[in-house]
Amino acid sequence: MALEQSEKTADLYRMVMPDHLCPYGLKAKDLLERRGFIVEDHHLKTPEETEAFKKEHGVDTTPQTFIGEERIGGYDDLREHFGQEVKDQDKSSYQPVIAIFSVALLMALAVSWYTFGTVLTIRGLEWFLAISMCILAIQKLQDVEGFSTMFLNYDLLARRWVRYGYVYPFGEALAGILMIAGTLIWIAAPVALFIGTVGAVSVFKAVYIDRRELKCACVGGSSNVPLGFVSLTENVMMMAMAIWMPLRMAWLG
């Protein structure tokens, strides 16, 4: 019984200061408690106390977790200890794109349901594509400088006219907003068709002809999304909307 209790007790050393509360310390404490550990929570209340602790144990960071006599390490080390995945900041991931398209789809379905009383409508599909364009534009507009720099790696027009990388996200946002409203399509369609066509050609050349392995600028300059199918889909989506919207309006009109 004593051994079992010892195995379920952990010592956690984390920074808890008036002007700083270590978020990874809180995550480590929560993880230990969810694993059934009784946590001996040791607060490092001053920078001097923190530096003294790190020097004593020969570590560079806090928090630090000890289970029995074994030092497990920081929060990522603790996750590894429990067999959980540790995110690699440099690893390619489609998670940002999945999140964007999933939320855009749900938003479009919600608006369609509210407007027409059903989720399965042509207008709902249009809203999904237009909302996706807007969210993707927002991602780029958060850091236009970073986006434009990454964009230069593969976009053919931006390489000839650098300022195009700064214009692109505003054009995408404008086209998406007008398509959501279903108005001024004579502006939205040419903008979407132009940037979509240039983008599709650029991505196809970089990925499928030149066989280059690049990061996609489609969700902003800090993206780890690999260039390829996702970016091509974004551009083809804009092209499709640019062709479809005028045809639909002409048909209805």
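The values are calculated or read from the model by the stated rules, or taken from the named source; none is laboratory data. For clarity, every value in this text was computed on a predicted model and none was experimentally measured. Methodologically, a virtual Cβ is constructed for each residue, glycine included, from the backbone with ideal geometry; neighbour enumeration extends over all protein chains shown. Note: areas computed on protein heavy atoms with side chains; ligands, DNA, RNA excluded. Shrake-Rupley method; radii C 1.70, N 1.55, O 1.52, S 1.80 Å.
Quick notes
Yes/no per residue for (1) in contact with a Phe, Trp or Tyr (Cβ under 9 Å, 6 or more places away or on another chain); (2) of a type in the set (K, R); (3) in a helix (DSSP H, G or I):
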| position | (1), (2), (3) |
| --- | --- |
| A28 | yes, no, yes |
| E33 | no, no, yes |
| G36 | no, no, no |
| H42 | yes, no, no |
| E49 | no, no, yes |
| F53 | yes, no, yes |
| E56 | no, no, yes |
| D60 | no, no, no |
| F66 | yes, no, no |
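- Cβ-Cβ distances below 9 Å connect the following pairs, each with a first residue in the range 145-165 that is acidic (D, E), a second residue that is surrounded by fewer than 19 Cβ atoms within 10 Å (Cβ to Cβ) and not in a loop (DSSP other than H, G, I, E, B), and a separation of six or more residues or different chains: E145/Y166; D155/V198.
- Some residue of the range 88-97 being within 17 Å of G176 (Cβ to Cβ) and within 18 Å of the chain's Cα centre (by Cα): yes
- Condition check for G36: open to solvent by 30 Å² or more (accessible area, probe 1.4 Å) and in contact (Cβ under 8 Å) with a residue 40 or more places away in the chain: no
- Whichever residue in the range 129-165 is buried (at least 20 other Cβ atoms within 10 Å of the Cβ) and out of contact with any Gly (no Cβ under 9 Å at 6 or more places or on another chain) and, among such residues, is farthest from S112 (Cα to Cα): Y154
- Checked against the criterion of being more than 30 Å from A206 (Cβ to Cβ), assigned to a helix (DSSP H, G or I) and open to solvent by 40 Å² or more (accessible area, probe 1.4 Å), the candidates L106, L120 yield just one match: L106.
- The residue list G73, G25, G58 contains one member that is surrounded by 14 or more Cβ atoms within 10 Å (Cβ to Cβ), without any contact (Cβ under 8 Å) to a residue 24 or more places away in the chain and over 30 Å from A137 (Cβ atoms), which is G73.
- Residue in the range 192-217 that is farthest from the chain's Cα centre (by Cα), counting only those that are β-branched (V, I, T) and surrounded by fewer than 19 Cβ atoms within 10 Å (Cβ to Cβ): I209
- Considered as a group, the residues in the range 235-253 that are out of contact with any helix residue (DSSP H, G or I) (no Cβ under 7 Å at 6 or more places or on another chain) and at pLDDT below 90 include one that is least open to solvent (accessible area, probe 1.4 Å), and that residue is R248.
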